[in-house]
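**Q** Let me give you the structure first, and then I'll get to my questions.
The values are calculated or read from the model by the stated rules, or taken from the named source; none is laboratory data. The shown structure was predicted, so the numbers you read here are calculated from the model rather than taken from an experiment. All Cβ positions, glycine included, derive from the backbone under ideal geometry; neighbour counts span all protein chains shown.
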Amino acid sequence: MRANELFNLDEGRNDGGLAYEAAVLNAMSAAQVPGLEWQADTSAGFSNQGAGDIEAVYNGKAFNIEVKSGRKDQMGGTSIQANFDTGEYQIVDIESVDPAAIPFYIAAIKEKKEDFARWREHIMSIPPAEINQIPNTITFGSVTVDAWDSAVQKGLLRPLNKVEQFENVNAIIQHYNKKGVYYIQLGGAGLFHMGKDDIGLGVPPLEAAMQIEFRLGPAGSRPNKRFGVRTRSAGYRCQGRLKSKIKSPFTLDNPESIRTLFNQ
């Protein structure tokens, strides 16, 4: 690519991640570092394919980079189906989730087993049994609005609408390392290495947490004429975020910092 080439990866798309990636590419282009070449993944969403968002080479050695737009960048929003009896869990629209975060989604939903059991037990104690006898699964058919509201009043929904945080992100680092990616650029925080500083840039290691936000979200209500009640169903919605509080002395979204990083 030409050193003065301008990038606009999010043309026609409302995607802050792609917009930030374009900003990084423009800064790398403006820095004009000899021996630094790259190509970018211009696709939307997450993928197991390729070696990072930016596949770069510096003096003939791979310098592949994952790019996140911020310290609390999203790792994908989706919903989860769970069978707590069999221990089977399925991420819906799995292409909407960063593959590196999948183990954390599964680990987090397992933590909800007992909370869902208490919520379900209360729901099933409220008549009519023909409606409120639900399986030990998410999603379920429907429950009465009265039963739902009663569980809310007793505080049984709150534990299901909860954030689970994992301080050890080695699974994320290992995922990217398997793809040949050893660097991550975080908007507002800078450039970090993952696992090892593969080309000896002197950037700090990634220190972050993985946060999964869960919500058992109702899907409105509808009448059940047979029993004269209103019912509602729900899905388990979740959002993953990579959270970091540290700051690197180098960043790839600023040409001067890039030149300093490569001692130009």
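**Q** In region 55-112, what residues are surrounded by 15 or more Cβ atoms within 10 Å (Cβ to Cβ) and among the basic types (K, R)?
**A** Scanning region 55-112 gives K68, R71, K72, K112.
**Q** Oh, and also: Kindly evaluate R226 against the criterion of being within 30 Å of N168 (Cα to Cα) and in the same structural domain as V152 (by TED's automatic domain parsing).
**A** Considered against the rule, which asks whether it is within 30 Å of N168 (Cα to Cα) and in the same structural domain as V152 (by TED's automatic domain parsing), R226 comes out as no.
**Q** Output the residues belonging to region 121-144 that are buried (at least 18 other Cβ atoms within 10 Å of the Cβ) and either outside the structural domain of Q90 (by TED's automatic domain parsing) or assigned to a helix (DSSP H, G or I) (or both).
**A** Scanning region 121-144 gives I123, I131, N132.
**Q** Next question, about the same structure. Of everything in region 155-188 that's assigned to a helix (DSSP H, G or I) and charged (D, E, K, R), which residue is farthest from P255 (Cα to Cα)? Even if it seems obvious, please write down each step before you answer.
**A** Taking region 155-188 and keeping what is assigned to a helix (DSSP H, G or I), we get 158-160, 170-178.
Applying the additional criterion that residues be charged (D, E, K, R) yields 158, 178.
Numbers: R158: 46, K178: 29 Å.
Ranking the qualifying residues of region 155-188, first place goes to R158.
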